[in-house]
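Enquirer: Following this message is one structure expressed as structure tokens.
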Amino acid sequence: MPAIPIDENELGGRLGAVLAEASPGCTVDTITPLQGGASSITYSTTVTSAAGDPQRVVVKVAPAGLEPTRNRDVLRQARLQRALEDTDVPVPRVIAEHPGTPPEVPPFYVMSFEEGDCVEPNFLPVGEQLPPDHVRGRQLHAAGILGTLHALAPASLGLDDEPEMTLDAEVDRWTKSLDACDDDLRAGTEDVGRRLAETVPAMGPTTLMHGDFRPGNVLASADRVVSVIDWELWARGDPRVDLAWFLMMANPDEQIGRVACPGMPSQDELLAAYHQARGTEVRDLEWFAALVRYKQASAASFITRNARRRGKDAPPPVGNPGLMASARTLLGLG
């Protein structure tokens, strides 16, 4: 069954009911769509308590017409955020949730609205770049938050029942994604995929992973991170995957062809902040750095493949050759 439009009147009725349970006598304004979100739909509204105190909230809804599984499982995201609320990992507070009757009536959850900007500083045009001290402060803070997340024991948060993602499964996932793409989208990736599969390192102790930890998935103000958002891809796995992704997005090497903006801390500085927060040092990141480059190329190719299926004339992603060149260097492929 394909996705269908959200019935916003029906959603508003369910939203009012669950918020009335959480705050008897409250009133709820009309919901307003927010930008972003491919795997779920996000709205904002204001809830006014019986005492007259307004509070802005965010509502995250699974797509209607599709089973809420994997990255569409919004209640799984709510579970993770609830588990993190009493930790040093800042997340929006979960206020209420509704299971719906999927796939036709989608589940949703409600969380606090957090003030802050959500940008990728390396991709801002020159005239719109953040002050260098803001970039430096928030990136070092983010590195520390990631270390704090990876230091948490899943069992201590009641999340030890979450299946572990193995490194073999990580490689297989992105290889299968590429295999589903057109020939020109797979070109130049095969040797990297084979070498990754042949050289999978031993797993370290698994931790909670965000799955897409980068500047664009945190809310920040000035030089500090306010909250970590967009937990659609959270998992239990080897934290070096999470760390390598964060480092690549912050400090791309020359072969990738992207430039770090003014104020961006070096990889060594980010690693130092991560290690201090986590309480242990991480080594042997080269394979993981190659994996996340392969992952980004695979994801970009799959997005292009889907655009073509919708009838668009989409060329291969321009960044993929650089990502593969960097991955080959890291893997010793020359």
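Enquirer: Quick check on this structure: which one of LEU149, LEU84, LEU80, LEU75 is under 13 Å from TRP231 (Cβ atoms), within 18 Å of the chain's Cα centre (by Cα) and assigned by TED's automatic domain parsing to the domain that holds VAL218? Break it down into steps so the answer makes sense when it comes.
Expert: On the way: LEU84 fails: assigned by TED's automatic domain parsing to the domain that holds VAL218; LEU80 fails: assigned by TED's automatic domain parsing to the domain that holds VAL218; LEU75 fails: assigned by TED's automatic domain parsing to the domain that holds VAL218.
Every option except LEU149 fails the conditions.
Enquirer: In region 32-71, how many residues are under 19 Å from GLU8 (Cβ atoms) and either part of a strand (DSSP E or B) or among the basic types (Lys, Arg) (or both)?
Expert: Adding up the residues that qualify gives 16.
Enquirer: In this structure, is LEU208 in contact with a Phe, Trp or Tyr (Cβ under 8 Å, 6 or more places away or on another chain), under 22 Å from ASP86 (Cα atoms) and either polar (S, T, N, Q) or surrounded by 13 or more Cβ atoms within 10 Å (Cβ to Cβ) (or both)?
Expert: Answer is yes for this residue.
Enquirer: How many residues, within region 107-140, are assigned to a loop (DSSP other than H, G, I, E, B) and either of a type in the set (Phe, Trp, Tyr) or over 29 Å from THR32 (Cα atoms) (or both)? First the steps, then the outcome.
Expert: In the first step, residues of region 107-140 are kept if they are assigned to a loop (DSSP other than H, G, I, E, B); the result is 107, 113-116, 118-120, 124-125, 129-131.
With the extra rule that they be either of a type in the set (Phe, Trp, Tyr) or over 29 Å from THR32 (Cα atoms) (or both), the set shrinks to 113, 131.
Of the residues in region 107-140, 2 are assigned to a loop (DSSP other than H, G, I, E, B) and either of a type in the set (Phe, Trp, Tyr) or over 29 Å from THR32 (Cα atoms) (or both).
Enquirer: Would you be able to say whether some residue in region 73-83 is of a type outside the set (Gly, Ala, Ser), more than 24 Å from ARG278 (Cβ to Cβ) and either assigned to a strand (DSSP E or B) or in contact with a His (Cβ under 7 Å, 6 or more places away or on another chain) (or both)? Walk me through it before giving the result.
Expert: So the first thing to find is which residues in region 73-83 are of a type outside the set (Gly, Ala, Ser), and the list is 73-77, 79-82.
Within this subset, residues satisfying the condition of being more than 24 Å from ARG278 (Cβ to Cβ) are 73-76.
Next, from what is left, pick out any that are either assigned to a strand (DSSP E or B) or in contact with a His (Cβ under 7 Å, 6 or more places away or on another chain) (or both): none.
Scanning region 73-83 turns up no residue that is of a type outside the set (Gly, Ala, Ser), more than 24 Å from ARG278 (Cβ to Cβ) and either assigned to a strand (DSSP E or B) or in contact with a His (Cβ under 7 Å, 6 or more places away or on another chain) (or both).
Enquirer: Do we find that ALA244 is farther than 17 Å from LEU196 by Cα, crowded, with 18+ Cβ neighbours inside 10 Å, within 21 Å of the chain's Cα centre (by Cα) and modelled with pLDDT of 95 or more in this structure? Reasoning before the result, please.
Expert: Numbers: farther than 17 Å from LEU196 by Cα: no; crowded, with 18+ Cβ neighbours inside 10 Å: yes; within 21 Å of the chain's Cα centre (by Cα): yes; modelled with pLDDT of 95 or more: yes.
No, not satisfied.
Enquirer: Does VAL47 satisfy the condition of being surrounded by 22 or more Cβ atoms within 10 Å (Cβ to Cβ) and of a type outside the set (S, T, N, Q)?
Expert: In short, yes.
Enquirer: How many residues does region 306-327 hold that are surrounded by fewer than 18 Cβ atoms within 10 Å (Cβ to Cβ) and in a helix (DSSP H, G or I)?
Expert: The qualifying residues number 5.
Enquirer: Something else about it: Right, GLY193: modelled with pLDDT of 95 or more and on the phi > 0 side of the Ramachandran plot or not? Steps first, please.
Expert: Values: modelled with pLDDT of 95 or more: yes; on the phi > 0 side of the Ramachandran plot: no.
When the stated conditions are applied, GLY193 does not pass them.
Enquirer: Yes or no: region 262-270 includes at least one residue that is in the same structural domain as THR148 (by TED's automatic domain parsing), within 16 Å of VAL171 (Cα to Cα) and among the acidic types (Asp, Glu). Outline the logic, then answer.
Expert: Taking region 262-270 as the starting set, the residues that turn out to be in the same structural domain as THR148 (by TED's automatic domain parsing) are 262-270.
Subset that is within 16 Å of VAL171 (Cα to Cα): none.
No, region 262-270 has no match at all.
Enquirer: I need the full set of residues from region 85-129 which are aromatic (Phe, Trp, Tyr) and more than 22 Å from GLY216 (Cβ to Cβ), in order please. I'd like the intermediate steps shown before the answer.
Expert: Taking region 85-129 first, the residues aromatic (Phe, Trp, Tyr) are 108-109, 113, 123.
The answer is PHE108, and nothing else.
Enquirer: Since GLU232 meets every condition but one in (1) in contact with a helix residue (DSSP H, G or I) (Cβ under 9 Å, 6 or more places away or on another chain); (2) surrounded by fewer than 20 Cβ atoms within 10 Å (Cβ to Cβ); (3) assigned to a loop (DSSP other than H, G, I, E, B), which condition does it not meet?
Expert: Among (1) in contact with a helix residue (DSSP H, G or I) (Cβ under 9 Å, 6 or more places away or on another chain); (2) surrounded by fewer than 20 Cβ atoms within 10 Å (Cβ to Cβ); (3) assigned to a loop (DSSP other than H, G, I, E, B), GLU232 violates only (2).
Enquirer: Could you please tell me which pairs satisfy a Cβ distance under 8 Å, a separation of 6+ or placement on different chains, a first residue in region 15-37 that is in contact (Cβ under 8 Å) with a residue 60 or more places away in the chain and under 25 Å from PRO5 (Cα atoms), and a second residue that is in a loop (DSSP other than H, G, I, E, B) and of a type in the set (A, V, I, L, M)?
Expert: Between residues of region 15-37 that are in contact (Cβ under 8 Å) with a residue 60 or more places away in the chain and under 25 Å from PRO5 (Cα atoms) and residues that are in a loop (DSSP other than H, G, I, E, B) and of a type in the set (A, V, I, L, M), the close pairs are LEU15/ILE31.
Enquirer: Just to be sure before I move on: is ALA202 without any contact (Cβ under 8 Å) to a residue 24 or more places away in the chain and either part of a strand (DSSP E or B) or within 30 Å of SER156 (Cα to Cα) (or both) in the structure I sent?
Expert: On the way: without any contact (Cβ under 8 Å) to a residue 24 or more places away in the chain: yes; either part of a strand (DSSP E or B) or within 30 Å of SER156 (Cα to Cα) (or both): yes.
When the stated conditions are applied, ALA202 passes them.
Enquirer: I've got another one for you. Considering only region 164-186, state which residues are touching a strand residue (DSSP E or B) at 6+ places or on another chain (Cβ under 9 Å) and part of a helix (DSSP H, G or I). Quick ask: steps written out before the conclusion?
Expert: Step one: of region 164-186, the residues touching a strand residue (DSSP E or B) at 6+ places or on another chain (Cβ under 9 Å) are 164-167, 169-170, 173.
Within region 164-186, LEU167, ALA169, GLU170, ARG173 qualify.
Enquirer: So, ALA20, is that one part of a loop (DSSP other than H, G, I, E, B) and either basic (Lys, Arg) or more than 30 Å from ARG278 (Cβ to Cβ) (or both) or not?
Expert: On the way: part of a loop (DSSP other than H, G, I, E, B): no; either basic (Lys, Arg) or more than 30 Å from ARG278 (Cβ to Cβ) (or both): yes.
No; evaluated as a whole, the condition is false for this residue.
Enquirer: Here is a further query. For region 152-174, enumerate the residues that are aliphatic (A, V, I, L, M), surrounded by 18 or more Cβ atoms within 10 Å (Cβ to Cβ) and in contact with a Gly (Cβ under 9 Å, 6 or more places away or on another chain).
Expert: Passing the criteria: MET165, LEU167, VAL171.
Matching residues to (1) closer than 18 Å to HIS210 by Cβ; (2) crowded, with 19+ Cβ neighbours inside 10 Å; (3) among the small types (Gly, Ala, Ser):
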{"site": "PRO5", "(1), (2), (3)": "no, no, no"}
{"site": "ALA20", "(1), (2), (3)": "no, no, yes"}
{"site": "THR27", "(1), (2), (3)": "no, no, no"}
{"site": "GLY52", "(1), (2), (3)": "no, no, yes"}
{"site": "ARG79", "(1), (2), (3)": "yes, yes, no"}
{"site": "ARG82", "(1), (2), (3)": "yes, no, no"}
{"site": "ASP88", "(1), (2), (3)": "yes, no, no"}
{"site": "VAL94", "(1), (2), (3)": "yes, yes, no"}
{"site": "PRO99", "(1), (2), (3)": "no, no, no"}
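The values are calculated or read from the model by the stated rules, or taken from the named source; none is laboratory data. These numbers were taken from a predicted model, which means no experiment stands behind them. As a convention, Cβ positions derive from the backbone with ideal geometry for all residues, glycine included, and neighbour counts pool all protein chains shown.
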